[in-house]
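Here's the structure, in structure tokens; my notes come after.
The values are calculated or read from the model by the stated rules, or taken from the named source; none is laboratory data. Owing to the predicted nature of the structure, the values given are computational and were not obtained by experimental measurement. All Cβ positions, even for glycine, are placed from backbone atoms using ideal geometry, and neighbour counts span all protein chains on display. Only protein heavy atoms, including side chains, enter the accessible area calculation; ligands, DNA and RNA are left aside. Shrake-Rupley method; radii C 1.70, N 1.55, O 1.52, S 1.80 Å.
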Amino acid sequence: MPLHDDRPPRRLALRTVTTLALVAGAAWAVQGVTRTLAPSSDDARALPGPQFGAALLGRLADEPRPPCRFAAGTRMAYDVVGETRVEIDFARVSDGVDAGANAQVEASPPEAHHVERRWHLDLLALAEEDGAGVLAARIADRGARVIGGEAPAAGSSPALSDIFLIRVDERCAIREFGWRSAGDLDAAREQQLLAGGLGFWAPADPTRAASYVGTNFDATGRYAARYHYEDGRLAGEAVSFSLGQAVARGATVGVEILGSEIAVELADDVWFASLSSQRELSFTLAGRSFGTHFRATRAQRAEPVPFAPQIDLADGGWSWGVLPARPRDASADFAEELRDLPLADALARYRERVAGGKLGEYGGLLRDWLRANPGRTGDVLALLRNGEFAGEQVARAGLFWALGAANTAEARAALVGVLREWPDTAHQIAAAQALAMVERPTAEMIEVVAQSAGRDDLHAVERGAMALALGALAQRSEAHSPEIAAQARAEIRGWLRGTADEAQLGHALLAAGNAGHEELAADIRPYLDHDSATLRRHATHALRNMSPETAYPRLEERLGDADRTVRTSALETAATLARRTDQAPSAAMIDLAGARLTHSHQAEERAAVSLLGEAARRGDARADALLRGHLEAQLADPVRDPQRLATLARNTPARWQAER
């Protein structure tokens, strides 16, 4: 019988920190979750929404002005009241409920919170780019009070008054936030949580009634919401919700919407005149309810307070996206029975699970054993160094994954030791890649990876792997350790400015692309015009994680490059950027991509189709027409190319069908 079948069930202690993680998952968009919902519309005009709201729909020439386009300098202000009520009692599900994967539940004391918070929001329109407006925002916190309890009212939080940015599309949906990279990240998280409660999706045409479905309700992107609009008033409700994460290993949480509604009054030249939204969720484990979460937001247009921020969007100091929840120390997350499990038995179970082929299972087992027995991390490394996993490539890779994911001081020190002292290059590269997984990297980690990337005794490919790991470290640590991310970017910047070796410059550009920070844009830019086509291609690819405002103009220039591989990279990067940010490329880029549909190398043609497909999905009529014409030409050709047709099928709107 398999070894893991003989183990006693693990007891999952669902405590306060788990409760907070659960509520955060319900109230906010947890990173790394993919939505599969494809919204539809009564008039067949709605398209799948972006990471953070509904997708922009294209406008025909005779269509009216969309509801949310703001001239630079437009001022708006809102008074907002938010209400949150949380009730969690794991005792309801702790009596013998199997949470899956040999896990059971232990209960922490029940919790109940009911809080009202008031705040004022001032907005100033800064710029408009490809249909999305950037709003400078400032919150004046007016404090919170506990409802139905004896706790005193909480005072206002001055940190919330720091300037932040909101990118709002033409249909009023929040796309993403901007925050100062070196600022107070906890305050930025709270700003985003508060402002996210103002999310909704307006109709594409505010002059006529419409009913449609989208993924913007409460601005989390986790709801499917049904809307109806008529005479300037929008009403809707959430019809489904995806939590996207478990509250503990092996525990699957069910979510039910008990009730929801949203009502918005639109007005000219402002985001909205008034908004009221609320929803209540019920959480279940193994089919049994253990808690509810209620959230309501009411916002009313108010008089703006004097507000004149001096903001340079191109100064390299802004980060864009949605900040994840504050990371917690996961090193204590393990089953208690693993403390007494001998290393030999742990490795036997590990190898058995490796045969099953699921990294989360075999790597997760070893990760948890390392957390339960941090003092024995050295024993595992000693076995590895003595050839224990020779010829077991998957098992060895899983071991390094476990070391990176364990997030214990011992595991981090072990990985640094491998990089500094071990002679085997394959182990060193694996250690560098594992360090890129660490939740809270240290300055020493940045230093040792950067030193390894510059070693003359390594092959160019090996140095490149080290450089990529440093870029990943910079990107991963940006949201919670900005000073460490800045240190990593400084190393990358030094490479870009301090060497003439083409191979090393290529590695530095790839690392800069992994880091994906606006601060590096100025250092990447010179290589977009370099004499070397290879460096131009690397520099083009390095723009993939930049903002559309930074990347699209540079990519547009490279679409006219004399080298085919550079043009292909520019097309691929622009498609990636459109997909990641849900922001369509410029009209000039559409025309340049259209010119590459014929008489081009197959790779360049595929990249052009991919970019036009992303633009067409976001309502670009010109891209739609170019793809339609290319499809018709392919279907009319007596010798049809199956690969071309397959590429078109993947990248054209679903309404297109080839006539038989």
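Once the chain from V639 to D529 is taken as fully extended at 0.36 nm per residue, the excess over their C-alpha distance is 35.6 nm. Rounded to 0.05, the FRET efficiency of the F307 and A588 pair, given R0 = 25 Å and the Cβ-Cβ distance, is 0.10.
For the range 309-350, a simple Cβ point-charge model (Lys and Arg +1, Asp and Glu -1, everything else neutral) yields a dipole of about 60 debye relative to the Cα centre. With both labels modelled 7 Å from their Cα along Cα-to-Cβ, the A649 to R326 distance reads 5.1 nm. For the set V416, V115, the ranking by accessible area, highest first and with no ligand, DNA or RNA atoms included, is V115, V416 under a 1.4 Å probe. Solvent-accessible surface of protein heavy atoms, probed at 1.4 angstrom with all chains present, puts V146, V394, V80 in the order V394, V146, V80, largest first. A crude spin-label estimate for the pair L343 and D79, with each label 7 Å from Cα along the Cβ direction, gives 6.6 nm.
Solvent exposure of T534, expressed as accessible area, is near 50 Å², computed with a probe of 1.4 Å over the protein chains only. The accessible area of R420, taken with all protein chains in place and a 1.4 Å probe, comes to roughly 110 Å². According to the Kirkwood relation over distinct C-alpha pairs, the hydrodynamic radius of the range 255-409 is 21.1 Å. Residue separation of A209 and T284 scaled by 0.36 nm, minus their Cα-Cα distance, works out to 23.2 nm of gained length. Cβ-Cβ distance of A267 and E632, R₀ of 35 Å, FRET efficiency by 1/(1 + (r/R0)^6): the value works out to about 0.20. Computed extension gain for A314 through A562, at 0.36 nm per residue and net of the alpha carbon distance, reaches 86.5 nm. Solvent-accessible surface (1.4 Å probe) assigned to I147 amounts to roughly 50 Å². Overall, the accessible surface of the range 289-330 at a probe of 1.4 angstrom is composed of carbon and sulfur to the extent of 50 percent. Taking only the C-alpha atoms of the range 509-599, the Rg (one decimal) and the largest Cα-Cα distance, Dmax (whole number), read 12.0, 38 Å. Of the accessible area of the range 395-531, computed with a 1.4 Å probe over protein heavy atoms only, carbon and sulfur atoms account for 49 percent.
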